[in-house]
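Read the figures in this text as sums done on the coordinates, not as results from a lab. Keep in mind it's a predicted model, so treat the numbers as computed, not measured. So basically every Cβ, Gly included, is an ideal-geometry build from the backbone, and we count neighbours across all protein chains shown.
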Amino acid sequence: MTSPFVIVIAGPTAVGKTTISKMLSKYFNCTHVSEDEIAREVFPDMYKDVEDYPDKLERVENQLLKRAKEVFDGGECIVIDQINLGREFIEEIRKVFHKHLILKVLWPPMETTIERDKKRDGWTSGEIAIKRFYKKYEELKSIIGEKNYIDNSHQTSEETLEKFIFCIEQNK
């Protein structure tokens, strides 16, 4: 691509955001930034619960946007994986990156996500949190656009990557 772009991969927990984001980052030789990483930096003792504290979440979002702008303004592409996507943040990133922004939501059926979460190594989010995120992302469909929600439930990570690459190449 001739000009830098910003890809935001969003969605509920346990849908494959980090996996796909890292694969896209490697494929396009982009910087990868994770909301979780920034939350750990800003609030190391409570990063998993940052969405429960709007003021803390706002600090994480501001830092995420600042880092994305620095990378983009330096002429590089960036891939962001984010779970706590909200209406205001969507408006802000659209304003800042407008035609250079690609926003996609990984959206397998909720039951699939709950099963994936149970099988995760390390910490899990639990069914209540997953249902809360699904409700939130359902409410964002009118802003993000239903065509930007991708069901990756019957795909390997490589197949999902191919789908993303195709979408991105269409946006050139």
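Worth pointing out:
- Where only alpha carbons of the range 1-87 are counted, the Rg and the Dmax (Å): 12.9, 41
- For the range 6-170: rounded, prolate or oblate by the Cα gyration tensor [a/c cutoff 1.5]: rounded
- Karplus (6.51, -1.76, 1.60) ³J(HN,Hα), θ = phi - 60°, over the range 151-162, in Hz, Gly and Pro reported as x: 7, 10, 5, 10, 10, 7, 4, 5, 5, 5, 4, 4
- Positive end of the dipole of the range 49-172 (Cβ unit charges, origin at the Cα centre): among I93, T156, L57, the Cα lying farthest that way belongs to I93.
- Residue order, fewest to most surrounding Cβ atoms within 10 angstrom, among I130, I78: I130, I78
- From the alpha carbon centroid of the range 1-44 to that of the range 103-172 is 14 Å.
- GNM top mover of A14, A129, A39 - the chain, alpha-carbon springs below 10 Å: A129
- Fewest neighbouring Cβ atoms within 10 Å first, the residues M23, M110 line up as M110, M23.
- For the range 57-124, chymotrypsin sites (Phe, Trp or Tyr not before Pro) meeting the loop criterion (DSSP other than H, G, I, E, B) and having at most 15 other Cβ atoms within 10 Å: W123.
- Rounded to 5, the percent of DSSP beta bridges in the range 6-170 classed as antiparallel: 0
- Estimated purely from DSSP H runs of n ≥ 4, each contributing -39500 (n - 2.57), the mean residue ellipticity at 222 nm for the chain is -17000 deg cm²/dmol once divided by its residues.
- In this label model, R120 and S142 are separated by 3.0 nm, measuring between points 7 Å along each Cα→Cβ vector.
- Links that overshoot a 22 Å alpha carbon limit, given the list K66/K104; K99/K136; K26/K95: K99/K136; K26/K95
- The HN-Hα couplings worked out from phi for the range 11-18 by the Karplus form 6.51 cos²θ - 1.76 cosθ + 1.60 (θ = phi - 60°) are x, x, 5, 6, 9, x, 4, 5 Hz, whole numbers, x standing for Gly and Pro.
- Proxy reagent accessibility, fewest Cβ within 10 Å first, across D36, D81: D36, D81
- Only Lys, Arg (+1) and Asp, Glu (-1) charged, at Cβ; the chain dipole about Cα centre in debye: 320
- Approximate spin-label separation E162-Y27, in nm, with each point projected 7 Å along Cα-to-Cβ: 1.0
- Checking Cβ-Cβ separations below 4.7 Å across the chain identifies C167 as cysteines lacking any candidate disulfide partner.
- For I80, the residues whose modelled amide H falls within less than 5 Å of its own, excluding neighbours fewer than 5 places apart on the same chain, are I7, V8, I9, V33.
- Phi to ³J(HN,Hα) by Karplus 6.51 cos²θ - 1.76 cosθ + 1.60 over the range 124-136, Hz, x for Gly, Pro: 10, 8, x, 4, 4, 5, 4, 4, 5, 5, 4, 4, 4
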